[in-house]
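First up is the structure itself, then whatever we jot down about it.
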Amino acid sequence: METIVLKRHDSIKRVKTVGEVRKQIKKWKREGFTIGLVPTMGFLHEGHESLIKRAAEENDKVVVSVFVNPTQFGENEDLGSYPRDIKRDEVLCKKAGANLIFNPEPSEMYYKDASTVVNVNGLTEGLCGARRPVHFGGVCLVVSKLFNIVTPDRAYFGEKDAQQLAVIKKMVKDLNFDIEIVGCPIVREFDGLAKSSRNTYLSFEERKAASILNESLILAKKALNLGERNVGRIKDMINEKLSSEILTRIDYIEIVDSLSLEPVQSISSSILVAIAVYIGRTRLIDNFTFKV
Ligand code: PAF
């Protein structure tokens, strides 16, 4: 007979100020609890839910930050229209086992006279960084602030944003944050589309078309498993598949070393195959890693 052990979760609290978070964290630390942090921009889905559940398994207390971070959006990006629904997020957080939601206003996170920047060079120059020049600076700034506010033992990030995960790991190493960074697998829809808050921008037709991203990656993975080692041929294969769908506009198809994120000429170690594709006006990303 299978025994299911249910972990008892405290009722969830939602706070808006750094002071309130610090007060709660100090109390938990005095009581000897370990703390997991799941940074998010809200409008949570099953991908976030998997991060929160993992954090709840590995820590005594889980903090979820819900903050649409203005500094990581470029001028013509979707800061204004980014979906928000804190009530719905609260229900998901509670169900998944979180204990505290930190949901600050931009003015709580960024003082008018703040002048510090956090940039990780190198890793942020290719892939999404090449198209979104301010993005990773904004991510590193807000994540390092969240690390200093919450002081977690572990922090959880999705592998869908593979470049973000690599950049944050490097930042943590370079700045000596005493925090374990845990990468969690991509969660997908029934047809393989990677879960993303931005999927809600897609019209019915676009949503149907969007499964082409994962289909193109499956083709590439099959070829690699069958021994294909020519970078150009794999990229062509992905390109051809993506181009067969009329609603797609390819932003990039890249094959890079999974640690340095430098483009590879031949496939001989651990690689990241990463794509960014517009479906209509919505830019979606997906990837997989492959080890020889
Ligand atoms: O991945 C995200 O949702 C954001 O980039 C993060 C890490 C929460 C920082 O704003």
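Might you let me know whether the range 185-192 holds any residue that is within 25 Å of ARG84 (Cβ to Cβ), within 13 Å of the ligand (Cβ to nearest atom), open to solvent by 30 Å² or more (accessible area, probe 1.4 Å) and not in a helix (DSSP H, G or I)? Yes, the range 185-192 contains at least one residue that is within 25 Å of ARG84 (Cβ to Cβ), within 13 Å of the ligand (Cβ to nearest atom), open to solvent by 30 Å² or more (accessible area, probe 1.4 Å) and not in a helix (DSSP H, G or I). The numbered conditions (1) among the polar types (S, T, N, Q); (2) within 16 Å of the ligand (Cβ to nearest atom); (3) under 17 Å from LEU284 (Cα atoms) are all true for SER203 except (2). Here VAL118 does not qualify as within 19 Å of VAL182 (Cα to Cα), of a type in the set (Val, Ile, Thr) and modelled with pLDDT of 95 or more. Residues in the range 142-166 that are assigned to a helix (DSSP H, G or I), within 11 Å of the ligand (Cβ to nearest atom) and open to solvent by 30 Å² or more (accessible area, probe 1.4 Å): LYS145, GLN164. Examine the range 204-220 for a residue that is under 26 Å from SER270 (Cβ atoms), over 23 Å from the mean Cα position of the chain (by Cα) and at pLDDT 95 or above, and state whether such a residue exists. Yes, some residue in the range 204-220 is under 26 Å from SER270 (Cβ atoms), over 23 Å from the mean Cα position of the chain (by Cα) and at pLDDT 95 or above.
Scanning the range 111-128 for residues being within 14 Å of the ligand (Cβ to nearest atom) and surrounded by fewer than 20 Cβ atoms within 10 Å (Cβ to Cβ) gives a total of 1. The number of residues in the range 63-104 that are open to solvent by less than 40 Å² (accessible area, probe 1.4 Å), under 17 Å from the mean Cα position of the chain (by Cα) and among the β-branched types (Val, Ile, Thr) comes to 4.
The values are calculated or read from the model by the stated rules, or taken from the named source; none is laboratory data. If you're wondering where the values come from, they're calculated on a predicted model, not measured in any experiment. A quick note on method: Cβ atoms are made from the backbone with ideal geometry, for glycine too, and the neighbour counts reach across all protein chains shown. The accessibility values were calculated without ligands, DNA or RNA, using every heavy atom of the protein model including side chains. Shrake-Rupley method; radii C 1.70, N 1.55, O 1.52, S 1.80 Å.
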